[in-house]
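The values are calculated or read from the model by the stated rules, or taken from the named source; none is laboratory data. Given the structure is predicted, the values throughout are model-derived calculations rather than measurements. Here the Cβ positions follow ideal geometry from the backbone for every residue, glycine too, while neighbour counts run over all protein chains shown.
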Amino acid sequence: MKKHNFSAGPCILPQEVFQEASQAILDFNNSGLSILEISHRSADFVSVMDEAQSLALDLLGLKNKGYKALFLQGGASTQFLMVAYNLLNKKAAYLNTGTWSSKAIKEAKLFGEVVEVASSKDKNFNYIPKSYSIPEDVDYFHCTSNNTIFGTQMKEFPPTSRPLICDMSSDIFSREMDFSKFDLIYAGAQKNMGPAGTTLVVIKEDILGKVSREIPSMMNYKTHLDKESMFNTPAVYAVYVSMLTLRWIKSNGGLAAMEKRNQEKADLLYAEIDRNPLFKGFAAKEDRSAMNATFNLVDESHKETFDKLWKDSGVNGLNGHRSVGGYRASMYNALPLESVQVVVDLMKDLEERI
Ligand code: PMP
């Protein structure tokens with residue numbers, strides 16, 4: 001039976017990427033060797049790393065603008081502390097929009113003072129705070145563009161004279177934006193970019209070198225910039241599959257086309273959430289994420305029936321995160337509109353049965 005994969009991450013990637021990636025395990029570039037058994041310093045792999053870095057900057061419109069792309073390890077969670085290690089001298093400002101922002105704040109507090117400019121914790125993070133001000137004397141401002149668990153997404157970013165740092169783990173490469181307003185962007189690969197195991201860090205080089213503390217080599221962005229993501233053995237396969245996915249994004253129309261498709265999928269699902277009296281959306285309407293739609297049953301007693309319906313129909317990964325309950329439909333770039341239609345039809349089906 002065809003599967004419809006709404007998993008929050010790791011998640012669906014393009015079928016073409018799975019095909020090509022599996023072939024490279026058997027025979028990479030007709031070399032008679034698997035990509036898994038060659039040196040990361042071989043010409044074949046170095047060109048993979050170069051292309052992945054170049055595609056990332058190209059898709060974000062950041063080529064030749066003073067930015068470098070790195071493929072590091074340790075997940076976005078390691079970036080929570082690397083950002084502060086490298087950039088926090090005295091004080092940093094953070095916007096708290098959910099679990100991941102809270103974790104970033106916790107790490108930053110190990111390095112200096114953290115000003116939480118606003119938080120949506122009062123309503124279980126179901127909205128994005130809007131009116132807050134960012135102090136002028138902070139080293140940087142940090143925010144999370146898309147809150148994977150709660151299903152909220154920042155549609156606008158506050159103007160600030162301070163360096164702007166953003167965790168884009170769950171919506172990178174999903175929409176067009178002026179990315180040059182950010183000074184550092186990071187994202188775990190395992191949503192729109194590729195498999196788990198590597199983390200993209202896009203960094204404007206001139207923000208570095210402003211802290212006085214000693215930074216261990218692996219935690220230091222400069223180490224990785226100097227060695228072009230090859231200071232230690234990179235996650236070769238994760239970088240390779242990310243490179244294939246970035247190629248796929250580019251050849252399928254880039255971020256403009258991704259955004260259009262993602263918006264169509266989100267509009268289709270949210271329209272049904274709002275129309276169907278059995279369901280209610282979790283996130284505030286104006287802050288709804290196009291990547292992760294969170295919704296609940298109005299009457300929880302229908303849970304068993306609905307769960308059986310979608311599980312029997314090949315739908316995977318629709319369960320909500322435990323901190324929200326209900327359902328979460330993650331609609332990353334590679335998810336076809338057709339899969340969203342299947343869930344919408346099942347919601348209608350439930351309505352007819354009750
Ligand atoms: N930030 C966001 C927005 C996330 O969604 C996640 C993981 N789902 C993380 C950070 C943590 O990423 P990792 O597991 O790669 O450390």
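Does residue 191 satisfy the criteria of being of a type in the set (Lys, Arg), touching a strand residue (DSSP E or B) at 6+ places or on another chain (Cβ under 9 Å) and within 11 Å of the ligand (Cβ to nearest atom)?
Working: of a type in the set (Lys, Arg): yes; touching a strand residue (DSSP E or B) at 6+ places or on another chain (Cβ under 9 Å): yes; within 11 Å of the ligand (Cβ to nearest atom): yes.
Against the criterion (of a type in the set (Lys, Arg), touching a strand residue (DSSP E or B) at 6+ places or on another chain (Cβ under 9 Å) and within 11 Å of the ligand (Cβ to nearest atom)), residue 191 qualifies.
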(request) Return only the number of the condition from (1) within 16 Å of the ligand (Cβ to nearest atom); (2) assigned to a strand (DSSP E or B); (3) aliphatic (A, V, I, L, M) that residue 203 does not satisfy. (result) (1)
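Answer with yes or no whether residue 180 is farther than 29 Å from residue 7 by Cα, within 19 Å of the chain's Cα centre (by Cα) and at pLDDT 95 or above. Walk me through it before giving the result.
Working: farther than 29 Å from residue 7 by Cα: yes; within 19 Å of the chain's Cα centre (by Cα): yes; at pLDDT 95 or above: yes.
For residue 180, the condition - farther than 29 Å from residue 7 by Cα, within 19 Å of the chain's Cα centre (by Cα) and at pLDDT 95 or above - is met.
Got at least one residue in the range 216-235 being within 14 Å of the ligand (Cβ to nearest atom) and either more than 15 Å from the chain's Cα centre (by Cα) or modelled with pLDDT of 95 or more (or both)?
In the first step, residues of the range 216-235 are kept if they are within 14 Å of the ligand (Cβ to nearest atom); the result is 235.
From what is left, the residues that are either more than 15 Å from the chain's Cα centre (by Cα) or modelled with pLDDT of 95 or more (or both) are 235.
Scanning the range 216-235, I find at least one residue that is within 14 Å of the ligand (Cβ to nearest atom) and either more than 15 Å from the chain's Cα centre (by Cα) or modelled with pLDDT of 95 or more (or both), so the answer is yes.
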(request) Within the range 249-259, count every residue that is surrounded by 13 or more Cβ atoms within 10 Å (Cβ to Cβ) and either closer than 16 Å to residue 289 by Cβ or more than 16 Å from the chain's Cα centre (by Cα) (or both). (result) 6
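Return a yes/no flag: does the range 236-248 have any residue that is assigned to a loop (DSSP other than H, G, I, E, B), surrounded by fewer than 21 Cβ atoms within 10 Å (Cβ to Cβ) and at pLDDT 95 or above.
Within the range 236-248, not a single residue is assigned to a loop (DSSP other than H, G, I, E, B), surrounded by fewer than 21 Cβ atoms within 10 Å (Cβ to Cβ) and at pLDDT 95 or above.
Can we say residue 197 is within 15 Å of the ligand (Cβ to nearest atom) and in a loop (DSSP other than H, G, I, E, B)?
Details: within 15 Å of the ligand (Cβ to nearest atom): yes; in a loop (DSSP other than H, G, I, E, B): yes.
When the stated conditions are applied, residue 197 passes them.
Inspect the range 273-293 for any residue being of a type in the set (Phe, Trp, Tyr), touching a strand residue (DSSP E or B) at 6+ places or on another chain (Cβ under 9 Å) and either buried (at least 18 other Cβ atoms within 10 Å of the Cβ) or more than 22 Å from residue 339 (Cα to Cα) (or both) and give the result as yes or no.
So far as the range 273-293 goes, yes, one or more of its residues are of a type in the set (Phe, Trp, Tyr), touching a strand residue (DSSP E or B) at 6+ places or on another chain (Cβ under 9 Å) and either buried (at least 18 other Cβ atoms within 10 Å of the Cβ) or more than 22 Å from residue 339 (Cα to Cα) (or both).
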